[in-house]
Ligand code: SAH
């Protein structure tokens, strides 16, 4: 079995070099080729001897993702990618242009097993976790393709990041490394459907990224009907973990709330939400739900009204801007349509 060299931290690479009898500085050279210059073959590492490159080729592999399909929005500069991984599985990433620069929404798993009723990513279940190197590769391939520098990352693509906890934490370490892509944690958001175990474990790391919670409902009755995870950790356990998270990290949490007609868009829901989040320093992001053909959830027309109501009651709420509307830029549906691609690997 070849080892995944792009998922190794610099310290791990140094140990690896020691094991195979190479000087320590080789680790720095390889790390630089992989993480900064973003090469996808050992042959490109021209400051290493041919013999050594062959040896690396025999024992290690460089994870990559290649562009299978690419869609460019005509309405804004949003670009949606369907990426193919080394084993033929496909994932989606979306590149978005904001005033402050380019932001990429990346996937953390192939598929998802969380089962949220409104979400296309979970249809067909979880195929496998992504490795740290495959999360990095999404950023690298997009950056090279567009010849830009990406400054922000949102982990809001396919998958539940806290269902792939160790690989996600390692990815964060690699992407934040000043000898690599070097994106600071304050430029990263991570979204969870409410894996309270993950939230509690993650707060111990005192990481400065922005945590987003896919709340979508103000009480257990509605949340149970939409999100199976709520049967394991209910709304009160989730909010209590969020309050502790803020206490521990000092970082304001962002709550995602997809507005669905007749399900979670009433005045009563708004009142319950205000009560639920009272006294918490947080932000509520209202999202007009994307209609998915596999379910009957419809978009609420009350999004702005709901938002104004929350604001009038002292809550910090905004309606999420829709980008890439013409290329269905929200994740999940493209992969679903496409299936696995046969490769020779
Ligand atoms: N599993 C994580 C990360 C995915 S983020 C999580 O659940 O947070 C993707 C975001 O889009 C989540 O907030 C998810 O709830 C939301 N989402 C999924 N399907 C949607 C849809 N049809 N319309 C609007 N938002 C949706």
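The values are calculated or read from the model by the stated rules, or taken from the named source; none is laboratory data. If you're wondering where the values come from, they're calculated on a predicted model, not measured in any experiment. With ideal geometry, Cβ positions are generated from the backbone for all residues, glycine too; neighbour counts draw on all protein chains shown.
Can you spot a residue in the stretch 265-283 that is within 20 Å of the chain's Cα centre (by Cα) and within 17 Å of residue 114 (Cβ to Cβ)? Checked against the condition, which is being within 20 Å of the chain's Cα centre (by Cα) and within 17 Å of residue 114 (Cβ to Cβ), the stretch 265-283 yields no hits at all.
Residue-by-condition table, conditions (1) surrounded by 15 or more Cβ atoms within 10 Å (Cβ to Cβ); (2) over 20 Å from residue 151 (Cα atoms):
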| position | (1), (2) |
| --- | --- |
| 16 | yes, yes |
| 48 | yes, yes |
| 57 | no, yes |
| 97 | yes, no |
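Residues that are more than 11 Å from the ligand (Cβ to nearest atom), under 14 Å from the mean Cα position of the chain (by Cα) and part of a strand (DSSP E or B) occur in the stretch 149-163; there is at least one. The number of residues in the stretch 172-195 that are assigned to a helix (DSSP H, G or I) and either within 13 Å of the ligand (Cβ to nearest atom) or free of Cβ contacts under 8 Å to residues at least 40 places away in the same chain (or both) comes to 4.
Looking across 294, 268, one residue alone is in the same structural domain as residue 216 (by TED's automatic domain parsing), out of contact with any strand residue (DSSP E or B) (no Cβ under 8 Å at 6 or more places or on another chain) and within 12 Å of the ligand (Cβ to nearest atom). It is 294. The set of residues from the stretch 1-25 being under 29 Å from the mean Cα position of the chain (by Cα) and in a loop (DSSP other than H, G, I, E, B) comprises 1, 2, 8, 9. Checking the conditions here, which among 148, 153 is modelled with pLDDT of 95 or more and under 22 Å from residue 335 (Cβ atoms)? Testing whether each residue is modelled with pLDDT of 95 or more and under 22 Å from residue 335 (Cβ atoms) leaves just 153.
Total residues in the stretch 26-57 satisfying the condition of being without any contact (Cβ under 8 Å) to a residue 60 or more places away in the chain and in a loop (DSSP other than H, G, I, E, B): the figure is 9. Answer yes if at least one residue in the stretch 307-316 is out of contact with any helix residue (DSSP H, G or I) (no Cβ under 8 Å at 6 or more places or on another chain), farther than 20 Å from residue 122 by Cβ and within 16 Å of the ligand (Cβ to nearest atom), and no otherwise. Yes. Mind checking which residues of the stretch 196-221 are away from the ligand (no atom under 14 Å from the Cβ) and under 23 Å from residue 262 (Cα atoms)? Matches in the stretch 196-221: 218, 219, 220, 221. Count of the stretch 117-145 residues, restricted to those that are near the ligand (Cβ under 8 Å from one of its atoms) and either in contact with a strand residue (DSSP E or B) (Cβ under 8 Å, 6 or more places away or on another chain) or modelled with pLDDT of 95 or more (or both), is 2. Here residue 162 meets the list (1) touching a strand residue (DSSP E or B) at 6+ places or on another chain (Cβ under 6 Å); (2) touching a residue at least 60 places away in the same chain (Cβ under 8 Å); (3) crowded, with 22+ Cβ neighbours inside 10 Å almost entirely, failing just condition (2). Of all residues in the stretch 226-238, none are in contact with a strand residue (DSSP E or B) (Cβ under 8 Å, 6 or more places away or on another chain) and surrounded by fewer than 21 Cβ atoms within 10 Å (Cβ to Cβ). Taken over the stretch 119-136, residues that are in a loop (DSSP other than H, G, I, E, B), crowded, with 19+ Cβ neighbours inside 10 Å and touching a residue at least 60 places away in the same chain (Cβ under 8 Å) amount to 5.
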